[in-house]
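Working notes, structure below.
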Amino acid sequence: MSTEQVDARPVLASARVTAIDHVGIAVADLDATIKWYHDHLGMIVLHEEVNEEQGVREAMLSVRGSAVGSAQIQLMAPLDETSTIAKFLDKRGPGLQQLAYRVSDIDALTERLREQGVRLLYDEPRRGTADSRINFIHPKDAGGVLIELVQPATDH
Ligand code: V0V
């Protein structure tokens, strides 16, 4: 093992991806889509909120009886035409918009990613679902996938 690999270990231990948190789907009509997931797949809403800064009304869905911490489906509808999700719907139509990884230390992880030349969309993490802290890796640096990094709130 090279010295470089040994040196990276403490950083990796504190700042790493711990799980797939959710898959984000852009939708035009949130209520109609929630009903579709319920009626056809039996999925239930665990959480719903409006995030003004991100320009979305969103719902987190899960499978009934799933373990705490299981990956969820995030349905996002635009609040208005300036929303990122409105632009996405205009360009591509409804569908998969992002893949979100849960991380243990978003500050340390994003610092390391920057050092590695990976573009983050925000200088500092912003407020995500349920007071989590979020940032995004530019899709051009992640094989065409918009990757969200999410550190849940400590009391969540
Ligand atoms: C754009 N591109 C994508 C993409 N959006 N590729 C994969 N997945 C996506 N979702 C591609 C696009 O095809 C272009 O490729 C290139 O990236 C640049 O796109 P653009 O049209 O010039 O840029 P915009 O204006 O569409 O912006 C794209 C970014 C924007 C990613 C910068 O969507 C953004 O800021 N996203 C982060 C915020 C966000 O997504 N908020 C909503 C979720 P070509 O054509 O040049 O090859 S809020 C949320 O998840 C919350 C609250 C939470 O989970 O807690």
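The values are calculated or read from the model by the stated rules, or taken from the named source; none is laboratory data. This one's a predicted model, so the numbers in the text were calculated from it and none came from an experiment. For neighbour counting, all protein chains shown are included, and Cβ atoms are generated from backbone atoms with ideal geometry for every residue, glycine included. Please note that ligands, DNA and RNA were not included when accessible areas were found on the heavy atoms of the full protein model with its side chains. Shrake-Rupley method; radii C 1.70, N 1.55, O 1.52, S 1.80 Å.
If you go through the stretch 37-53 one residue at a time, do you hit one that is open to solvent by less than 50 Å² (accessible area, probe 1.4 Å) and at pLDDT below 95? The answer is no, given that none of the residues of the stretch 37-53 is open to solvent by less than 50 Å² (accessible area, probe 1.4 Å) and at pLDDT below 95. Any residue in the stretch 126-152 that is more than 20 Å from GLU52 (Cα to Cα) and more than 6 Å from the ligand (Cβ to nearest atom) sitting within a Cβ distance under 6 Å of a residue that is modelled with pLDDT of 95 or more and open to solvent by 60 Å² or more (accessible area, probe 1.4 Å)? List the pairs, counting only those 6 or more apart or interchain. Final answer for the pair search is HIS138/ARG119; ASP141/ARG119. Close contacts from the stretch 79-108, counting a first residue that is open to solvent by 60 Å² or more (accessible area, probe 1.4 Å) and a second that is part of a helix (DSSP H, G or I), with Cβ to Cβ under 8 Å and a gap of 6+ residues or different chains, come to ASP80/ALA86. Of the residues making up the stretch 62-82, those that are among the small types (Gly, Ala, Ser) and more than 11 Å from the ligand (Cβ to nearest atom) are SER62, GLY65, SER66, ALA67, GLY69, SER70, ALA71.
Results for (1) closer than 25 Å to LEU46 by Cβ; (2) of a type in the set (A, V, I, L, M, F, W, C), shown as yes or no for each residue.
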position	(1), (2)
GLN72	yes, no
PHE88	yes, yes
GLN98	yes, no
ARG114	no, no
LYS140	no, no
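Here's the yes/no breakdown for (1) charged (D, E, K, R); (2) within 11 Å of the ligand (Cβ to nearest atom); (3) closer than 23 Å to ILE25 by Cβ:
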residue: THR84; (1), (2), (3): no, yes, yes
residue: PHE88; (1), (2), (3): no, yes, yes
residue: LEU96; (1), (2), (3): no, yes, yes
residue: ALA108; (1), (2), (3): no, no, no
residue: ARG114; (1), (2), (3): yes, no, no
residue: GLY117; (1), (2), (3): no, no, no
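Which of the residues that make up the stretch 115-156 are surrounded by 15 or more Cβ atoms within 10 Å (Cβ to Cβ), more than 13 Å from SER104 (Cα to Cα) and basic (Lys, Arg)? ARG126, the sole residue that qualifies. For the stretch 14-36, a tally of residues being over 16 Å from the mean Cα position of the chain (by Cα) and open to solvent by 50 Å² or more (accessible area, probe 1.4 Å) returns 7.
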